[in-house]
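Chemist: Here it is, the structure in full.
The values are calculated or read from the model by the stated rules, or taken from the named source; none is laboratory data. In this text, all values refer to a predicted model and were calculated from it rather than measured experimentally. No Cβ is skipped: glycine too gets one built from the backbone with ideal geometry, and neighbour counts run over all protein chains shown. Quick note on the areas: whole protein, heavy atoms, side chains included, nothing else; ligands and nucleic acids left out. Shrake-Rupley method; radii C 1.70, N 1.55, O 1.52, S 1.80 Å.
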Amino acid sequence: MTRPDGLHPGVPEVEYHGDPALSQSAAKLLLPPSTPAHFRQAQDGPRVEKTEFDLGHAAHKEVLGVGADVVVPCDKDGVPYDAWRSKDAIAQVAAIRAEGKTPVKAGVPEQVAAMATVVRGHEQAGWLLDPDVGVAEQSAWWHDPESGLRLRARLDWVTVLRDGRLAVVDYKTTDRPCGASPAVFAKTVGNLRYYLQDTWYREAVEGTTGQPAADTPFLFVVQEITAPYAVTVVDLDDDFRAAGHDAMRLTIGTYLSCTESGEWPSYPSGITTLTRPAGCNPPISGDLP
């Protein structure tokens, strides 16, 4: 089915991900160093669930209160598998995924419960993610006003601030050492193009509610997956937001151009001469031994 433009709670993940409207997670594959060919392959190929995302999915379920049920695969005696290498374990993990659930190792349910306790006790994150005010996992569909292209977004959390404005909160988990520290997460934002998500989701609020993107706060709640499960709440500055705006216009323009031409190019043909990147160690000088 095709959903009308607007914010929709309770949309099944299969329906959301099966919709042809362009999402920011797909659009990132149109940004260098990726190419339109990589984007096309991801769109045409089967959706792949990666094991490294399972703990993050489990944490989302525990912290936000919605998402796939979490299951610990066990043997016939009810003992959790230490590893998922045996034939029986692999089959059970596949069956759990086929049911739309998230398989996790023993100890993970307790781990994410401890993470949720820290989030709820955090001064800013706790009230931002107050279930009496916010709504989790809303799906947005709208039309880009500049191009007319239909877009979509899956918003982790939408809440209402004290001044009446809607704010979008995105919950991220990190396994990097001190990954929730502002200095480290700033690098993650650049490396993983989270600035595109900032722009895309604020535009989603404007396209579905009329609240201007410029007036819509977008906040990351970032949490480390190892004790003490440290949390930080951050937003992006004007430089990051400018990069997000440029990235969004570039991805939409590239998508429309490729769709019109029917060509989804990869890397440049021919021979490309490489230039040594700034900061790369200079060549070794002197006589070789």
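Chemist: Taking the conditions exactly as written (among the small types (G, A, S), within 22 Å of L155 (Cα to Cα) and touching a residue at least 60 places away in the same chain (Cβ under 8 Å)), does G56 satisfy them or not?
Modeler: It is true that G56 is among the small types (G, A, S), within 22 Å of L155 (Cα to Cα) and touching a residue at least 60 places away in the same chain (Cβ under 8 Å).
Chemist: Further question: As an exercise: evaluate R276 against (1) assigned to a helix (DSSP H, G or I); (2) basic (K, R); (3) open to solvent by 30 Å² or more (accessible area, probe 1.4 Å) and give the number of the one condition it does not meet.
Modeler: (1)
Chemist: Oh, and also: Determine which member of the set P36, P4 is more than 18 Å from the chain's Cα centre (by Cα), open to solvent by 50 Å² or more (accessible area, probe 1.4 Å) and more than 26 Å from K101 (Cα to Cα).
Modeler: After applying the criteria, what remains is P4.
Chemist: Now, a different point. Output the number of residues of the range 234-252 satisfying the condition of being open to solvent by 40 Å² or more (accessible area, probe 1.4 Å) and of a type outside the set (D, E, K, R).
Modeler: Within the range 234-252, residues that are open to solvent by 40 Å² or more (accessible area, probe 1.4 Å) and of a type outside the set (D, E, K, R) number 4.
Chemist: While we're looking at this one, here's another question. Looking only at the range 17-67, which residues are of a type in the set (S, T, N, Q) and either out of contact with any helix residue (DSSP H, G or I) (no Cβ under 9 Å at 6 or more places or on another chain) or modelled with pLDDT of 90 or more (or both)?
Modeler: Across the range 17-67, the qualifying residues are S23, Q24, S25, S34, T35, Q41, Q43.
Chemist: Residue check, D175 against (1) under 21 Å from Y195 (Cβ atoms); (2) surrounded by fewer than 16 Cβ atoms within 10 Å (Cβ to Cβ); (3) of a type outside the set (V, I, T); (4) touching a Ser or Thr at 6+ places or on another chain (Cβ under 8 Å), all met but one. Which one?
Modeler: Failing condition for D175: (1).
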